[in-house]
Ligand SMILES: [Zn+2]
Ligand SMILES: [Zn+2]
């Protein structure tokens, strides 16, 4: 096993330059969720050139690339490829050329690394048997892309995988790989609440039902869900990230809108928190004498992501063999969310999802031990404002050795689960 992994990885030297060009091109041309047409076309062209059977337009702009190589397990390798509505502020020479859109979550890196792994695996096909099913997934940021691919008869058309393997960049020092068995990422429920009051002149509040005041008290009362309704050994996050109402100081508006984001780690807590939000939103409107109940709608949602414990242990052990055990660690569960688990859940197979560091270690200070950096980061000792992470305008993965790490991890994981030739 170790021999076939190292022989496959030996091909990396020859493709590093090309992969770096591919990465910079993707980074310079980010596309928002479900609009990844250029990206999908580039991906389809490259995978076809590598000898994969490529199908575009799966679940919207998704691309599936299959390499059938005899009997054996089918491994689903997944990369997402959408970008975010952020104005890039990295100063990189290959920064986004599209105003207000940026690859700020590293999905360009995921796509580059999967393409690199597909090349190494295709070249090494005499050493393994089975089927590679690569997913280049749209719309991860909206939580809809993976499910859209599944719902496009994915498994009926392309076969059912035996395992799902996926990776994500992380604001760790480059070269480190982290994976957590069990519940690894939080569920998200993003909600839009529209409070209906009754507008009027600002000088005559008695003739109105002021939605601004209802919104304000709703935001304050929502803070009591986590502090008063969630047990000390449980965890949840309720963030109101947007609040909008009115146009002028002396006009009481008809409506107010708030947008909130909930993170939880179990379905029980998830249901409880969502129910509490509904209860509070309605009760605050009723308390103010509003005639209509507020409207509550879902902006997006992600399920809890759960890594299979045995599969994770086997994959992380393989990473340790290849990268060195001091480079592989358990980052614990994160409050971020991810839809890669939808493939595994729909197929009823194990998920292995890991993160790989992509930041210049010097960003964390001189001569530091990278593993200690991660510990300090996770325990809150590092000021993350000084180290721009995902979803910020300054998130700037170093091209290398990030690509090397990501290609190595994905190739190693795939070969760990494919059959012997
Ligand atoms: Zn993201
Ligand atoms: Zn992401």
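Coordinate-derived values only; no laboratory data. Quantities reported herein were computed from a predicted structural model and do not represent experimental measurements. Glycine also receives a Cβ, built like all others from the backbone with ideal geometry; neighbour counts cover every protein chain displayed.
Of all DSSP beta bridges confined to the chain, the antiparallel ones make up roughly 70%.
Subtracting the Cα-Cα distance of residue 282 and residue 152 from 0.36 nm times their residue separation leaves 43.1 nm of extension gain. Based on alpha-carbon atoms, the Kirkwood radius and the radius of gyration of the chain give Rg/Rh equal to 1.02. Its alpha carbons considered, the range 1-48 gives a radius of gyration followed by a Dmax of 14.5, 41 Å. Could you tell me which of rounded, prolate or oblate describes the range 178-275, using a ≥ b ≥ c as the square roots of the eigenvalues of the alpha-carbon gyration tensor, with rounded for a/c under 1.5 and, failing that, prolate when a/b is larger than b/c and oblate otherwise? It comes out prolate by the Cα gyration axes. Here the range 113-227 yields Rg over Rh of 1.22, to two decimals, using C-alpha coordinates and the Kirkwood radius.
Using all pairs of distinct alpha-carbon atoms, the Kirkwood hydrodynamic radius of the range 295-353 works out to 13.5 angstrom. Annotation for residue 237 and residue 192: the two label points, set 7 Å from Cα along the Cα-Cβ direction, are 2.2 nm apart. To the nearest ten degrees, helix 399-417 and the longest principal axis of the Cα atoms of the chain are 70 degrees apart. Quick check: from the Cα gyration tensor, does the range 263-421 come out rounded (a/c under 1.5), prolate or oblate? Taking the square roots of the gyration eigenvalues as a ≥ b ≥ c, the range 263-421 is oblate. Would you please classify the overall shape of the range 147-194 from the alpha carbon gyration tensor, given that a ≥ b ≥ c denote the square roots of the eigenvalues, rounded means a/c under 1.5, and beyond that prolate means a/b larger than b/c while oblate covers the rest? Oblate.
Label separation (residue 125 vs residue 293): 5.8 nm, computed from points 7 Å beyond Cα along the C-beta direction.
Take 355-363, 147-155 and order them by the average number of nearby Cβ atoms within 10 Å per residue, most first; the result is 355-363, 147-155. When the helices of the chain are scored as -39500 (n - 2.57) per DSSP H run of n ≥ 4 and the total is divided over every residue, the value at 222 nm lands at -11500 deg cm²/dmol. Taken over the C-alpha atoms, the range 87-141 has Rg and Dmax values of 15.7, 45 angstrom.
Only alpha carbons enter this Debye calculation for the range 216-325, each as an equal point scatterer, and the log10 of I(q)/I(0) it gives at q = 0.10 Å⁻¹ is -0.46. Length gained on full extension, residue 254 to residue 13: 80.5 nm, using 0.36 nm per residue less the C-alpha separation.
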